[in-house]
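Working notes for the structure below.
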Amino acid sequence: MFRSMEPLLLQVLRIGFYEIVKLNMPPYAVVDENVKLAKVALRPGAGNMVNGILRKLVLVKENNSLPLPKLEGDSRTHARALATLYSHPVWMVRRWTKYLGQEEAIQLMMWNNSDPSFSLRANAAKGITRDDLVMQLNSLKVPHEVSLHLDDFVRVKIGLQNVIRAGWLKEGLCSVQDESAGLVVSVVDPQPGEDIIDCCAAPGGKTLYMASRLRGKGKVHAIDINKGCLRILKETAKLQKVDGVVDTIHADLRTFAENSPMKSGKVLLDAPCSGLGVLSKRADLRWNRRLEDMKQLKNLQDELLDAASTFVSSGGVLIYSTCSIDPEENEDRVEAFLVRHPEFRIDPVNRYVPSDFVTKQGFYFSDPVKHSLDGAFAAHLVRTL
């Protein structure tokens, strides 16, 4: 029945179902509003159909007889049931069950479906401290918690719109940036006077944070293939008063590396990835990402790693990072890279981030369920030759 239904009518019903089943809104109000919507958007007869279907749903819910998939049968049947129960694509469910086990996979999907929290980074380059940010949040009556891991960060669960309306972002006083991304910058460990190459810089959050930590001395060379994103990055750098230490380069890293003599002691490759670590903030991404994308992304990550490695001077470091929780994009890519490039070795990150974020192999890993942050990964690789 639903498969043959016209798309707009189906959307109206989806809204009604969600409001009744998930939001527990008053049934009479939901039915009334969605019937009106169907009549205006479509025709009177559509309103009658919406009325009948939603009233039936209300009755079924009140009798506690909503049909739910059962976790029985083989692994494929299990995955389909979990995919329906927790609103994730079947391929993701099967992948996470394989790597994490069923219980952890369920916890991860529940995290992805929960209301996300956001972090604000005080812009030290403009003389703003976390204490200043906390004082401003108090004045706006925005509930918040200071970060346990980073001195410049404050976590906000609700009230972000108040911060936006107050103009702090437009004035460059702070940025919205997850702590998991901030901890990647901790792995880079920018120091005043250093030249750092940021290989896939857009949209620029890590670039700007690294630039602020240079304290006006040194340079971040931001390379990206997207010219529009680089233009926004330059404008934001000026707004945050770090434009003096940010240099943008519009190029495809793979071809740029073939002809550029650039060398640096610190090179960051924050690689394009599946984004499977940020699904709580990107609800659309789970439905737009396909299993076929993973192979293409892994090939691209390998090519970018090879290119980025050419910029690393002897004794320098290459930091490879993603916002993915998938081992095939993280540990497996590093392992494959080290086979191709034996001149690099893993340098454990325990000097740069709290031990709770350090894996047995010495990598940085932010686990959404364990740490209540976006998922992220970083490897600190030293060039020995």
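The values are calculated or read from the model by the stated rules, or taken from the named source; none is laboratory data. In this text the structure is predicted, and so the values were computed from the model without any measurement. Here the Cβ positions follow ideal geometry from the backbone for every residue, glycine too, while neighbour counts run over all protein chains shown. Ligands, DNA and RNA are stripped out before the accessible areas are found, and what is left, the full protein with its side chains, is counted by its heavy atoms. Shrake-Rupley method; radii C 1.70, N 1.55, O 1.52, S 1.80 Å.
Restricting LEU305, LEU385, LEU318 to residues that are touching a helix residue (DSSP H, G or I) at 6+ places or on another chain (Cβ under 8 Å), touching a residue at least 60 places away in the same chain (Cβ under 8 Å) and not polar (S, T, N, Q) narrows the list to LEU318.
Condition check ((1) in contact (Cβ under 8 Å) with a residue 12 or more places away in the chain; (2) surrounded by 12 or more Cβ atoms within 10 Å (Cβ to Cβ); (3) not acidic (Asp, Glu)) across all residues:
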residue	(1), (2), (3)
VAL60	no, yes, yes
SER65	no, no, yes
PRO69	yes, yes, yes
VAL93	yes, yes, yes
TRP96	yes, yes, yes
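For segment 215-233, name all the residues that are touching a strand residue (DSSP E or B) at 6+ places or on another chain (Cβ under 7 Å) and closer than 24 Å to PHE153 by Cβ. Once the filter is applied, which keeps residues that are touching a strand residue (DSSP E or B) at 6+ places or on another chain (Cβ under 7 Å) and closer than 24 Å to PHE153 by Cβ, segment 215-233 yields GLY218, VAL220, ALA222, LEU233.
Kindly evaluate PRO342 against the criterion of being modelled with pLDDT under 95 and farther than 30 Å from LYS157 by Cβ. Considered against the rule, which asks whether it is modelled with pLDDT under 95 and farther than 30 Å from LYS157 by Cβ, PRO342 comes out as no.
Return yes or no: is LYS281 more than 24 Å from the chain's Cα centre (by Cα) and not aromatic (Phe, Trp, Tyr)?
When the stated conditions are applied, LYS281 does not pass them.
One residue stands out among those in segment 333-384 that are in a helix (DSSP H, G or I) and open to solvent by less than 10 Å² (accessible area, probe 1.4 Å): the one that is nearest to THR322 (Cα to Cα), which is VAL334. Scanning segment 237-278 for residues that are assigned to a helix (DSSP H, G or I), open to solvent by 40 Å² or more (accessible area, probe 1.4 Å) and not charged (D, E, K, R) returns LEU239, GLY244, THR255, PHE256, ASN259. Of all residues in segment 100-133, those that are in a helix (DSSP H, G or I) and under 14 Å from PRO368 (Cβ atoms) total 11.
Answer yes or no as to whether ARG43 is of a type in the set (Lys, Arg), at pLDDT 95 or above and out of contact with any helix residue (DSSP H, G or I) (no Cβ under 6 Å at 6 or more places or on another chain). In short, no.
Within segment 136-146, is there a residue that is without any contact (Cβ under 8 Å) to a residue 40 or more places away in the chain, basic (Lys, Arg), over 24 Å from TYR320 (Cβ atoms) and in a loop (DSSP other than H, G, I, E, B)?
yes
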